[in-house]
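Colleague: Attaching a single structure in structure tokens format; questions to follow.
The values are calculated or read from the model by the stated rules, or taken from the named source; none is laboratory data. All figures in this text were calculated on a predicted structure; none of them were measured in a lab. Cβ placement follows ideal geometry from the backbone for every residue including glycine, while neighbour counts extend to all protein chains displayed.
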Amino acid sequence: MNRKILSMQEAIAQFVRDGMSIVAGTALESLIPFSAGHEIIRQGRRDLTLIGPISDILFDLLIGAGCVRKVVAAWVGNVMMGSGYNFRRAVEEGIPHPIDVEDHSNFTIALALHAAALGVPYLPTKTALGSDLPVNHPGMKEICCPFTGEKLLAVQAIHPDIAIIQVQRCDPEGNAHIWGNTGITGDAARASRSLILVTEEIVSPDVIRSDPNRTLIPGFLVSAVVEEPWGAHPSPVQGYYNRDHGFYRDYHEETKTLEGFQKWLNRWVKGIKTRHSYLQLLGEDRIQELKVKKEALSAPANFGY
């Protein structure tokens, strides 16, 4: 049996520990590993640092569950509705406890992970020089170009302890195909010290080898493979299921108060043990409604020789 293939419970128990830094939500509004986030909450992890560009409501619910000490991100909230109420409560009122926030733009967080992926301590850019983003920022510093003397901004590399990445399919070794919006997924995978790959399905290595250009993540980077259909819900997975707009609206309404969030958390996370139970709660009618119904297949590529 392949030792990389684990259940979600096993993968989180083995690779995610208190105090770690985690990068997730690297494909922006799609392929967000919600099932992994739910299991982190159920296992009671604490003092985590969350790293990512947007993450939609994933970071907000982890903050509300008391798992987070620090956020390094471009934005935290509910993309469709606006505010993430748990994030606001933590920052403004220290509920459930205070968190540190290290602001980035989408570009600077991408640059920081790209630097780590390249193995360099920082990368220079001109972006953000005209803003207050670098002011008192521990990971940004104004420098002079050694060739032209012009002012640049050095963005320090970020090396997450672990990346949790959702993909469409992979083989048992973790060689993964991803398509659609991939965001900064490739750099996040290479920047991190370990990687949990959550996949909609495990396929034969022949399927992966048939389209090498779509293999965004090579298996040698992967620590664990978790086969978890619908693991990204309510975010979309291109070619598998669409974004559940209603779920995001409901979360927005139900988490305005602390009491409302606790009720939501007990229902959708703490009150269940597996993704199968989650899908039963979601309901077959909703699942069928979200499934991709119209195919848009890419043209075949000839890799012959």
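Colleague: Restricting attention to the range 79-95, report how many residues are at pLDDT 95 or above and either among the polar types (S, T, N, Q) or farther than 16 Å from Y251 by Cβ (or both).
Modeller: 7
Colleague: Here is a follow-up. Can you tell me which residues in the range 286-305 are farther than 24 Å from S210 by Cβ and among the charged types (D, E, K, R)? Even if it seems obvious, please write down each step before you answer.
Modeller: Narrowing the range 286-305 to residues farther than 24 Å from S210 by Cβ: 286-291, 293.
The answer is R286, E289, K291, K293.
Colleague: Identify, from the list R286, R267, R209, the residue that is among the basic types (K, R) and closer than 28 Å to A90 by Cβ.
Modeller: Matching residue, one of R286, R267, R209: R267.
Colleague: Within the range 74-95, take every residue that is touching a residue at least 60 places away in the same chain (Cβ under 8 Å) and within 13 Å of L258 (Cβ to Cβ) and give me the one that is surrounded by the fewest Cβ atoms within 10 Å (Cβ to Cβ).
Modeller: I95
Colleague: Does I164 satisfy being under 26 Å from P218 (Cβ atoms) and in a loop (DSSP other than H, G, I, E, B)?
Modeller: Values: under 26 Å from P218 (Cβ atoms): yes; in a loop (DSSP other than H, G, I, E, B): no.
The answer is no for I164.
Colleague: Turning to a different aspect of this structure: For the list (1) touching a helix residue (DSSP H, G or I) at 6+ places or on another chain (Cβ under 9 Å); (2) surrounded by fewer than 17 Cβ atoms within 10 Å (Cβ to Cβ); (3) of a type in the set (S, T, N, Q), I need the number of the one condition that N181 fails.
Modeller: Unmet for N181, out of (1) touching a helix residue (DSSP H, G or I) at 6+ places or on another chain (Cβ under 9 Å); (2) surrounded by fewer than 17 Cβ atoms within 10 Å (Cβ to Cβ); (3) of a type in the set (S, T, N, Q): (1).
Colleague: Quick check, is E254 in contact with a helix residue (DSSP H, G or I) (Cβ under 8 Å, 6 or more places away or on another chain) and closer than 27 Å to I178 by Cα? Step through it out loud before you land on a result.
Modeller: Working: in contact with a helix residue (DSSP H, G or I) (Cβ under 8 Å, 6 or more places away or on another chain): yes; closer than 27 Å to I178 by Cα: no.
The answer is no for E254.
Colleague: Right, something else. Do you know which residues across the range 121-153 are of a type in the set (V, I, T) and either assigned to a loop (DSSP other than H, G, I, E, B) or over 27 Å from the mean Cα position of the chain (by Cα) (or both)? Give the steps one after another, and end with the answer.
Modeller: In the first step, residues of the range 121-153 are kept if they are of a type in the set (V, I, T); the result is 125, 127, 135, 143, 148.
Of everything in the range 121-153, those that are of a type in the set (V, I, T) and either assigned to a loop (DSSP other than H, G, I, E, B) or over 27 Å from the mean Cα position of the chain (by Cα) (or both) turn out to be T127, V135, I143, T148.
Colleague: Looking at (1) in a strand (DSSP E or B); (2) crowded, with 19+ Cβ neighbours inside 10 Å, find the lone condition where A188 falls short.
Modeller: Checking A188 against (1) in a strand (DSSP E or B); (2) crowded, with 19+ Cβ neighbours inside 10 Å, the one that fails is (1).
Colleague: Here is a follow-up. Among the listed residues L6, L62, which satisfies the condition of being among the hydrophobic types (A, V, I, L, M, F, W, C), over 11 Å from the mean Cα position of the chain (by Cα) and surrounded by fewer than 22 Cβ atoms within 10 Å (Cβ to Cβ)? If you could, list the steps in order and put the result at the bottom.
Modeller: Details: L62 fails: surrounded by fewer than 22 Cβ atoms within 10 Å (Cβ to Cβ).
Step by step, each of L6, L62 is checked, and only L6 is among the hydrophobic types (A, V, I, L, M, F, W, C), over 11 Å from the mean Cα position of the chain (by Cα) and surrounded by fewer than 22 Cβ atoms within 10 Å (Cβ to Cβ).
Colleague: Of the residues L123, L197, L216, which is of a type in the set (A, V, I, L, M, F, W, C) and over 25 Å from L297 (Cα atoms)? Steps first, please.
Modeller: On the way: L197 fails: over 25 Å from L297 (Cα atoms); L216 fails: over 25 Å from L297 (Cα atoms).
Result: L123 is the single residue among L123, L197, L216 that is of a type in the set (A, V, I, L, M, F, W, C) and over 25 Å from L297 (Cα atoms).
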